[in-house]
Amino acid sequence: MRKMILVMLLLSIVLLSGCWDRYELQDLAIITAAAIDVVEDEQIRISVQIFIPRAITSGETGEDPSTGSTFVREGVGKSLAQAVADLQTNIPRKLFWGQCRIFIFGKELAEMGIQKEIDFLVRHPSPRGISNLYVSQEEAKRMLELIPPLERYSGEALRKLSQQEIGIDTTLKDVDVKLAGDSQSIALPIIKVLVSPEESRQGNQSIPVIDGTAVFQRDKMVGALNMEETSWLLWLIRTLKNGTISVMPKGNEEEVVMMPISGNVKFNPHISKNTWNMTFSLEVEANVIQNETLLNLHNENTVKQFEKEIEKVLKENLTQTMEKLQQEFHTDILDFGKRFHRKYPDEWKKVKNNWVEKYPEVNVTIHVNAKINKTGDIGPPAAIPRDWVEEQ
Amino acid sequence: MMIEKGRISTGQMELLIIPTIISTAILSISSIDARLAGHDMWMTPILGSSAGFLTVYIVWKLHELYPGQTPIGYSQKLIGKVAGSLFGLLLILFFSHNTGIIIREYTGFIKSNVLLQTPSIVISLSLLLVAALAVRGGLEVIARTAVICTFLFLSTSIVLLLLIPEVELGNVLPTFENGFIPVLKGAFIHQSWFSEFFILAFIFPFLNNTKKGLKSGFRAILVVMFILCYVNFFVLTTIGVVAGDLYYPVYAIVKSISLAEFFENFEILITASWVLGNFVKIAMFLYAASLALAELFRINDYRVMVLPLSLFIFFFSYWDISNVVELVNYMGQIQPFYLISVQTVIPLFLLLIALLKKKRSDNN
């Protein structure tokens, strides 16, 4: 028995020392964001933003803000996998993907299709399913080269922007699930370089910001929605919480601006006699945040009228956005396919294989029910003599 | 002849048998389920558990007819010395082979997800060695380690609750899209795991309260069924039928947990606790194989068999399956027939013979 214990103890020296899978921090190149572009001869180029740990520790002595705490390296290859292998030859340390939560695709690549690249990312054990994906207006690599004035590196700035629900939020897992699923469409946020108005800042000292939505049919980008259309799209997905909505009451040339505080969206698929219908109902509660008109908001009828106006504005714009998706881009990013499949499995089987043709034929009805919750701390317009205020 | 002197309680038996079924099942069963049963995968364990109830009932009846004996002992009395010994040999080979495959599954998972650079021989041998040491300690030692290991193993399943914000209940719809057959197919995969309850035949004789065995066996089946349903439900409602493309869907969903940007990286916790579950499973099978081997060859101490048998099992883990694709095909196409025929069908015949014999002797 004693011999046995001795053998075990000796063996544990070999096993417990960590052996093969031990990595020290100084052996790793920590990737914070990655950008994938297509370059000449249809080659794939991957650029990665690598964190320099030293740049943070030397903060006290005053680091040079123009250099930043990251650097960018790239690799080129026929496929993404080969490009990553090429990238490793340019970096003395082992690439570490565990912290990389940002993948940016160049617009050119997005238009050619991203399925092959997605396969690499999903197959590889290190990139996480919760990583965010973006499409870059210009070369994707450019986004990594930016040095944000506030955050440590541009990837971090982008990640924080995504959390603010300004644009659409799509993860690697979503892309895999949706492209393999019924709808066969995805939407990714488009980003661009923010042009800083400050003259004292150099061109590189900026951040990437969200500039719309790229819509995909299968894995190919077929079009883009601008920032305004994106905000209407977000209404269709979930209620936009930090956007604003403005209405112009009848007989007025000024606007009343409101901010939605809570809401509820619901899709109801319905098939009757071969016509496929989708009813979208939106319930929204809003607060008035600015009143440019002379109307008194203490008046119940005025508020009631506003509610109707919001409903009208929302309905108009949502219908337009919906039409754009259906008739212009033919992309089912709102998952109509999935919703029909769940409710009408038998009918779905018949159209499953030509859903792209069937999808534009779906009749969409939009119902909006708006309620005004508060009009702010005051009723009548502020800083105006009492007798100028219009009561009705 | 009683080789094992230790006695365990029914509670310990449950803690031994639960990880014996679950630890390999949660790894990739939901992937096969998603492929076969699609949206209905959440209910397959419920149907699959019927094989567990049947197996436990058979084993219990045989135990009642031949109290204090293992299948090696009573099979010789039932179908004669030669046929009984052959059945015993089959069981030993079956246990060794099955343990080899369990180790292969374990090593494959660890090697491809956690310890990418470590040679697989180190991963398999280290766990096998620890299990062998526990088995050498006897049934009581295995049972006591199982109390700790199973508790730690099962408690980490709470982590899945962090996925609740991402649950999309609609993924369950449409139910019975392609009729009832896909559900049966999925359940058929599950029954192979539930038939592993046969191993209770080697524990029932050593219970300190032999009357409660059947009840606690059934209770263990319910727990296993519940956990498999729970896991399948989260896989289905978070990633849906795409789970069929993944080799390790449960690992994938745990990896995607991100609650408030703070609760993340749970996969390491899950993997560490899962190793404990596998330890219990391998120890359990190794124990059954060693005990059967010793009893068949009338050796008084089964402990001498453990280490040689471990080496044999280690070779099995390399001989049979060459990669993960083969492994998944084996689990989906061969194992359901293989496991149930050895662990449920043959014991069922033994039980029928035993009942006939009893009837005849009663008549006389």
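The values are calculated or read from the model by the stated rules, or taken from the named source; none is laboratory data. Keep in mind the model is a prediction, meaning the values are calculated, not measured. When we count neighbours, we look across all protein chains shown, and the Cβ atoms used for this are built from the backbone with ideal geometry, even at glycine.
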Across region A:116-153, the tally of residues that are within 18 Å of B:V242 (Cα to Cα), surrounded by fewer than 16 Cβ atoms within 10 Å (Cβ to Cβ) and among the hydrophobic types (A, V, I, L, M, F, W, C) stands at 0
Consider A:P125 against the criteria (1) farther than 30 Å from A:W355 by Cβ; (2) touching a residue at least 40 places away in the same chain (Cβ under 8 Å); (3) within 14 Å of chain B (Cβ to nearest Cβ): it satisfies all of them except one. Which criterion is unmet?
(2)
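Regarding B:L127, is this residue closer than 30 Å to B:I3 by Cβ, within 14 Å of another protein chain (Cβ to nearest Cβ), surrounded by fewer than 24 Cβ atoms within 10 Å (Cβ to Cβ) and not β-branched (V, I, T)?
Details: closer than 30 Å to B:I3 by Cβ: yes; within 14 Å of another protein chain (Cβ to nearest Cβ): yes; surrounded by fewer than 24 Cβ atoms within 10 Å (Cβ to Cβ): yes; not β-branched (V, I, T): yes.
For B:L127, the condition - closer than 30 Å to B:I3 by Cβ, within 14 Å of another protein chain (Cβ to nearest Cβ), surrounded by fewer than 24 Cβ atoms within 10 Å (Cβ to Cβ) and not β-branched (V, I, T) - is met.
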Give B:A288, B:A252, B:A260 a once-over and let me know the one that is away from chain A (no Cβ under 14 Å) and either under 24 Å from B:Y330 (Cβ atoms) or surrounded by fewer than 20 Cβ atoms within 10 Å (Cβ to Cβ) (or both).
B:A288
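Here is a yes/no grid of residues against (1) touching a strand residue (DSSP E or B) at 6+ places or on another chain (Cβ under 7 Å); (2) more than 23 Å from B:N265 (Cα to Cα); (3) away from chain B (no Cβ under 14 Å):
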{"position": "A:S136", "(1), (2), (3)": "yes, yes, yes"}
{"position": "A:E139", "(1), (2), (3)": "yes, yes, yes"}
{"position": "A:L146", "(1), (2), (3)": "yes, yes, yes"}
{"position": "A:R152", "(1), (2), (3)": "no, no, yes"}
{"position": "A:L158", "(1), (2), (3)": "yes, no, yes"}
{"position": "A:E165", "(1), (2), (3)": "no, yes, yes"}
{"position": "A:I168", "(1), (2), (3)": "yes, yes, yes"}
{"position": "A:L172", "(1), (2), (3)": "yes, no, no"}
{"position": "A:D176", "(1), (2), (3)": "no, no, no"}
Of the residues that make up region A:325-334, is at least one more than 20 Å from A:L233 (Cα to Cα) and within 14 Å of another protein chain (Cβ to nearest Cβ)?
no
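Can you find, within region A:118-155, the residue that is farthest from A:F96 (Cα to Cα) among those that are acidic (D, E) and modelled with pLDDT of 85 or more? Let's see the steps before the verdict.
The initial filter retains those residues of region A:118-155 that are acidic (D, E), namely A:119, A:138-139, A:145, A:151.
Okay, now just the ones that are also modelled with pLDDT of 85 or more, so A:119, A:138-139.
Values: A:D119: 19, A:E138: 26, A:E139: 24 Å.
Across region A:118-155, the extreme among qualifying residues is A:E138.
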May I ask you to list the residues in region B:130-157 that are surrounded by fewer than 24 Cβ atoms within 10 Å (Cβ to Cβ), among the β-branched types (V, I, T) and either more than 19 Å from B:A272 (Cα to Cα) or within 13 Å of another protein chain (Cβ to nearest Cβ) (or both)?
B:V130, B:V141
The residue from B:V280, B:V242, B:V275 that alone is modelled with pLDDT of 90 or more, out of contact with any Phe, Trp or Tyr (no Cβ under 6 Å at 6 or more places or on another chain) and within 14 Å of chain A (Cβ to nearest Cβ) is B:V275
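Residues to consider are A:A55, A:A34, A:A29; find the one that is more than 14 Å from chain B (Cβ to nearest Cβ), at pLDDT below 85 and surrounded by 10 or more Cβ atoms within 10 Å (Cβ to Cβ). Give the derivation first.
Numbers: A:A34 fails: at pLDDT below 85; A:A29 fails: at pLDDT below 85.
One residue alone meets the criteria, A:A55.
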